[in-house]
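All of the numbers you see were taken from the coordinates with simple rules; none came from a lab. Remember, predicted model here, so these are calculated numbers, not experimental data. No Cβ is skipped: glycine too gets one built from the backbone with ideal geometry, and neighbour counts run over all protein chains shown.
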Amino acid sequence: QQQVKQSPQSLIVQKGGISIINCAYENTAFDYFPWYQQFPGKGPALLIAIRPDVSEKKEGRFTISFNKSAKQFSLHIMDSQPGDSATYFCAATSGGSYIPTFGRGTSLIVHP
Amino acid sequence: EAGVTQSPTHLIKTRGQQATLRCSPISGHTSVYWYQQALGLGLQFLLWYDEGEERNRGNFPPRFSGRQFPNYSSELNVNALELEDSALYLCASSIQGIEQFFGPGTRLTVL
């Protein structure tokens, strides 16, 4: 049973465009939603995270939008750059667990 | 500050053999987590060690085991290797917090 569903599996965007990756979850106990960025040959690195008491969080060109009623959250990358080409994972954690449930990842390619 | 380190980078084994993977956490981090990243399946949680004790275990068979040493480094052992065990194995560390810092992984190939 996949508790965090991520889409799309792959995404191709032109430089300067907006990249949007969506995730949906089932467990209403989840209360922390991080996004990880993974470059080839590297481990995932925390990019940005949100808690359900806010609907949006922005850090530079990266924004998380959160819809608690729909149990969905998304990552928006504004002004996408070739250096953003990587695999992105959404995840969700319930209080005290410390063990994230990960989505299956989105491979993003930004063309120059 | 040095990040999480893992060794070896690559490991090739044959079916039925045993594999041992090693992880050194960030200095001061007491928790170590192991994940399996198989192609197209995202990260699957394997094991969590904290202060030398196994705190949680994912949905994997008992042939996946490990331990944490007094210096907080950790070892993952996979016995009776199967072809499906081929994957990238990631180690992460934290100070009992939600934010985990990942190492570069060990690529295990089972032939």
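Counting, for every residue in B:36-44, the Cβ atoms of other protein chains within 10 Å of its Cβ and taking the mean gives 5. The shape of the stretch A:29-112 comes out oblate: with a ≥ b ≥ c from the C-alpha gyration tensor, a/c is at least 1.5 while a/b does not beat b/c.
Under the definition of partner shielding as Cβ atoms of other protein chains within 10 Å of a residue Cβ, what is the mean value for peptide B:100-107? Display every interim value, and only then the final one.
Numbers: counts 10, 4, 7, 2, 4, 5, 0, 1.
Counting Cβ atoms of other protein chains within 10 Å of each residue's Cβ and averaging gives 4.
Shape analysis of the stretch B:1-43 places it in the prolate category; the axes a ≥ b ≥ c from the Cα gyration tensor give an a/c of at least 1.5, with a/b above b/c.
If r is the Cβ-Cβ distance from A:Arg51 to A:Ile20 and R0 is 22 Å, what FRET efficiency results, to the nearest 0.05? All intermediate terms of the calculation are to be shown ahead of the outcome.
Working: r = 21 Å, r/R0 = 0.95.
Plugging the Cβ-Cβ distance into 1/(1 + (r/R0)^6) gives 0.55.
Simple spin-label estimate for A:Ile109 and B:Leu11 gives 3.2 nm between the two label positions (7 Å along the Cα-to-Cβ direction from each Cα).
With the charge dipole of the protein assembly as shown set up from +1 on Lys and Arg Cβ and -1 on Asp and Glu Cβ about the Cα centre, the Cα lying farthest toward the positive end among the listed residues B:Leu81, B:Tyr49, B:Ser65 is that of B:Leu81.
If the only charges are +1 at each Lys and Arg Cβ and -1 at each Asp and Glu Cβ, what is the size of the charge dipole of the stretch B:12-99 around the Cα centre, to the nearest 20 debye?
Rounded to the nearest 20 debye, it is 240 debye.
Under a Gaussian network description of chain A, with springs only between Cα atoms under 10 Å, the residue in A:Ile18, A:Ile99, A:Ile50 that fluctuates furthest is A:Ile99. Rounded to the nearest 5, the antiparallel percentage of DSSP beta bridges internal to the protein assembly as shown is 90%.
How do B:Val4, A:Val13 rank when sorted from fewest to most other Cβ atoms within 10 Å of their own Cβ? Don't jump to the answer; show the numbers that get you there.
Values: B:Val4 22, A:Val13 19.
With the fewest neighbours first, B:Val4, A:Val13 line up as A:Val13, B:Val4.
The label-point distance for A:Lys71 and B:Gln18, in a model that sets each label 7 Å from Cα toward Cβ, rounds to 4.2 nm. If each Cα of the stretch B:16-90 is one equal point scatterer, what is log10 of I(q)/I(0) from the Debye formula at q = 0.13 Å⁻¹? Ignoring solvent entirely, the Cα scatterers give -0.36.
Count the net charge of all other residues whose Cβ sits under 13 Å from the Cβ of A:Thr106, scoring Lys and Arg as +1 and Asp and Glu as -1.
Working: positive: A:Lys5, A:Arg104; negative: A:Asp84.
Neighbour charge sum, excluding A:Thr106 itself: +1.
Converting phi to 3J(HN,Hα) with the Karplus coefficients 6.51, -1.76 and 1.60 and the offset θ = phi - 60°, the stretch A:61-77 yields 8, 9, 9, 9, 10, 10, 10, 5, 5, 8, 6, 9, 8, 9, 10, 10, 10 Hz in sequence order, with x at every glycine or proline.
Inter-chain neighbour count for A:89-101: the average number of beta-carbon atoms from partner chains within 10 Å of each residue's beta-carbon is 4.
A:Gly16 sits among other residues whose Cβ lies under 14 Å from its own Cβ, and their net charge, with Lys and Arg +1 and Asp and Glu -1, is 0.
Taking the charge dipole of chain A about its Cα centre, with +1 at Lys and Arg Cβ atoms and -1 at Asp and Glu Cβ atoms, the residue from A:Thr101, A:Gly41, A:Gln3 reaching farthest to the positive side is A:Gly41.
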